[in-house]
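The next block holds one structure in the form of structure tokens; read it before the comments.
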Amino acid sequence: MKPLPIILAALITTVALITYAADQQPEPNEPEQKSTEQAVVQKENVTNEDKNTQNSNTQSVSAEVEKPQKVESTSEPITKSTNIDKTDADKKVDDKLNTIEYTAPELKKPVIDTTKADDSKVLGNETPKPVEKPKNKIEKAVAVAEAEKAVTQAKEALTVKQQTKAKQSRESLAVVEQLVKAYNARNIEEFIRVYDEDVEFYIFPDELLFKGKEKLIARYGLMFKKLKCIHSSPIKRIVHGDIVIDHELSETCSTDEKVIDKRSELISSYQVKNGKIIRVLFFR
């Protein structure tokens, strides 16, 4: 065993060496301390960043949750604005409509130059002029030539079809007038002369009364002998081609030819072909 003083001296020497070594190396300890401090700061920054990230995520989630509510809250103002826009547009349209005022068209009277002669070929538009009697044969011949010229112009104004229809109307009217004359005279021979051999009598619309001249003579011949007077006068007459429609007043005397004891209004339609009545239609 070593003595105690030697052990103490060794311990003191070791402590002194350790202390001297620590005093000789102070700088390396400072960087280590700084590095440790930096590490601690970095850890704190990382921790703060994690917290910020968590907070941002939380805020985004909450924003997404609250987003429909914000949309709902903003939808009402949008609708209101569109309604306001529509009402403004409607008001503008109404204002435009209200500002439109109806103005009646001005009717301009045609200016007619009375100094110039009417050279129109349309029938009925000629300006009437006072008729002067021709003084001599030359003036008479000139007047006849002018009259023939006017007639020619009137005929040229009508088409061929119109001329044919007009001629047919004149012929049909002449036949019916001959019929009425014979009827009023109670002349059975003249009366049946204007009818066709196979004439047909109808009641409107298509009810056949009789057909042929034999039955016509039997019907009207007896009536002419029985009555003392017969008189038919047209109230209104329509002529169109081969059709003549008469609205007539019929008066008869049964006992005395000077006393009319029956009056009636009749409507009859006559169809004429080749100068003969081929069909009669009575309206009742």
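The values are calculated or read from the model by the stated rules, or taken from the named source; none is laboratory data. Predicted model, so just to flag it, every value in this text is computed and none were measured. Virtual Cβ from ideal backbone geometry, glycine too; neighbours counted across all protein chains shown. To get the accessible areas, we keep the full protein, side chains included, count just its heavy atoms, and leave off ligands, DNA and RNA. Shrake-Rupley method; radii C 1.70, N 1.55, O 1.52, S 1.80 Å.
Accessible area per residue for segment 215-284, computed on protein heavy atoms with a 1.4 Å probe, is 64 Å². Summing +1 for each Lys or Arg and -1 for each Asp or Glu among the other residues whose beta-carbon sits under 12 angstrom from that of GLN168 gives +3.
In terms of accessible area, using a 1.4 Å probe and ignoring ligands and nucleic acids, LYS273, LYS225 rank largest first as LYS225, LYS273. Heavy-atom surface analysis with a 1.4 Å probe gives segment 172-284 a carbon and sulfur content of 52 percent of its accessible area. Put a plus charge on the Cβ of each Lys and Arg, a minus charge on the Cβ of each Asp and Glu, and nothing anywhere else: the dipole of segment 148-213 about its Cα centre is then about 400 debye. Packing around the peptides 147-154, 170-177, taken as the average count of other Cβ atoms within 10 Å per residue, puts them in this order, highest first: 170-177, 147-154. The 1.4 Å probe gives accessible areas that order SER254, SER169, largest first, as SER254, SER169. Close amide H partners of TYR195, meaning residues 5 or more places away or on another chain with modelled amide H under 5 Å apart, are ILE277.
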